[in-house]
Every structure is written in structure tokens, then in C-alpha cells.
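The values are calculated or read from the model by the stated rules, or taken from the named source; none is laboratory data. All values reported here derive from a predicted model rather than from experimental measurement. Ideal geometry is used to build each Cβ from the backbone, glycine not excepted, and the neighbour counts take in all protein chains shown. Note: areas computed on protein heavy atoms with side chains; ligands, DNA, RNA excluded. Shrake-Rupley method; radii C 1.70, N 1.55, O 1.52, S 1.80 Å.
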Amino acid sequence: MTKIAVIAGSPSNGSRLFGLIQHATDRLARVGYDVDLISAADLPAEELLRANFNSPAIQEALSSVDEADAVIIASPVFKASYSGALKTVLDLVPQKGFQGKIVLPLFIGGTIAHLLAVDYALKPVVAALGGTNILGGVFAVDGWVSRTEHGGYELTEQLRERLDAAIGDLIDELGHYASAPNRTEQGQAV
């Protein structure tokens with residue numbers, strides 16, 4: 001079964017970012033993908049900040065990334081870059097941890113002015129970790145996601161359509177990836 005790891009870089013599980021993540025993971029689960037959420041907010045803070053590779057929680061998170069065929073990297077934008085919480089998680093990923101994986105960024109920020117945070121802040125780090133197949137992703141503005149009174153999220157129609165298109169691209173890439181010849185000979189995960 002195809003596995004997808006979602007790295008959520010929000011320091012809070014109540015962030016509107018989780019509206020994007022929930023929409024994406026629901027769609028992927030409906031079509032049969034195994035999705036594993038790694039939330040920076042759920043990892044033990046001291047072990048994360050001290051890069052404690054012996055921590056069972058850190059080992060489990062890194063194992064999820066290692067076993068994944070694709071990684072969705074989701075983060076709020078703070079001061080024109082992704083969150084520090086995401087940076088601490090990415091710092092734990094091995095040097096070639098994204099090699100042979102499809103990467104889909106999902107970012108959210110206060111204004112559209114932070115749109116380029118994916119290109120200027122995230123993509124160089126993903127490339128340094130061996131990632132070469134980085135999809136365009138989705139950038140959303142906070143105002144496009146609202147919380148419902150039952151703890152869920154409501155997305156604007158335009159945002160839902162953009163997320164659906166990005167997830168469709170990810171599914172297409174996973175299809176191409178699965179049918180690629182000699183994947184194991186190229187050193188890529190099966």
C-alpha cells in the first residue's frame with residue numbers, strides 16, 4: 001500500500017493549517033492511501049529541540065517519513081518563512097531523507113504576500129534533504145479557513161478546489177512513481 005507522511009509544522013494543533021491537512025488527508029484516505037500524520041505539536045518538545053534520536057516518538061516520526069512514498073509538508077508562515085517547529089522536525093530528517101519521495105507543500109499565512117515562502121524558504125531545505133520531485137503545492141490565506149462550532153474547519157470553495165487539484169497532482173505522480181521501472185535499482189524506496 002502506498003504510504004504518505006504528513007509533517008505538520010504548526011506549534012499548535014488548533015491552527016487553521018489543520019483545515020488544509022484534514023481536507024487533504026480525508027481525500028487521500030478515501031481513495032485508499034495510508035496517511036500518517038506527524039505533528040510537531042505532538043512530539044515531545046524537549047526531545048525535539050535537543051534532537052534526541054533515541055526518543056521513541058522521534059524514531060516513530062522518522063520511520064514514518066522513511067517508509068513514505070510521498071511527504072506532505074504543511075506549515076504556517078511566520079516572518080516570511082515556515083515555522084520554527086517545522087524546522088526542528090526537518091533538522092531530524094537524514095541527509096537524503098526525501099530522496100525518491102514526492103513532496104507536496106501546504107502553507108498558510110496571514111496575507112498572500114507570503115506566497116513565495118515555499119520557493120525561497122522550503123524548497124532549498126527539501127532539496128538539501130535529497131528531494132527532487134517537489135510539487136507546486138497550495139498556499140492559503142488564514143481568512144480562507146474558518147473554524148466551525150464543532151471543532152472542524154470550513155474552507156472556501158476556491159481553496160477546496162485548489163487543494164483537490166494539488167492532491168490530484170500528488171495522486172497522478174504516485175501513479176507514475178509506482179509504474180516507474182527499476183525503482184529499486186535507482187536506490188529509491190519500493
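Here are a few things to note about the model shown:
- Phi-based couplings in Hz for region 49-61 (Karplus 6.51, -1.76, 1.60; Gly and Pro marked x): 5, 8, 6, 7, 5, 7, 5, x, 5, 5, 4, 5, 4
- Loop sites in region 21-120: trypsin sites (Lys or Arg not before Pro), DSSP, at most 13 other Cβ within 10 Å: ARG50, LYS79, LYS96
- The separation of region 1-68 from region 112-156, counted between C-alpha centres, amounts to 15 Å.
- √(5λ) per eigenvalue of the Cα gyration tensor, region 1-150, largest first, Å: 21, 17, 17
- Candidate lysines for bridging to LYS87, where Cα separation is under 21 Å - those fewer than 8 sequence places away on the same chain excluded: LYS79, LYS96, LYS101, LYS123
- Summed over the residues of the chain and divided among them, the accessible surface reaches 49 Å² per residue at a probe radius of 1.4 Å.
- Estimated 222 nm signal from helices in the chain, with DSSP H stretches of n ≥ 4 weighted -39500 (n - 2.57), rounded to 500: -10500 deg cm²/dmol
- Relative contact order (percent, whole number), region 60-190, Cα cutoff 8 Å, 6+ residue spacing: 25 percent
- Taking each residue as 0.36 nm, the span from ARG30 to ASP142 lengthens on full extension beyond its C-alpha to C-alpha distance by 37.7 nm.
- Efficiency of FRET between ALA128 and SER12 - r from beta-carbon atoms, R0 35 angstrom, step 0.05: 0.85
- In plain terms, the chain from SER63 to LEU49 could stretch by 3.2 nm, reckoned as 0.36 nm per residue minus the Cα-Cα distance.
- In this structure, the amide hydrogen of ALA140, modeled 1.01 Å from its nitrogen in the peptide plane, lies closer than 5 angstrom to those of PHE107, ILE108, GLY109, counting only residues at least 5 positions away or on a different chain.
- Scanning the chain for GluC sites (Glu not before Pro) that sit in a DSSP loop and have at most 14 other Cβ atoms within 10 Å, the longest stretch containing none of them is 1-148.
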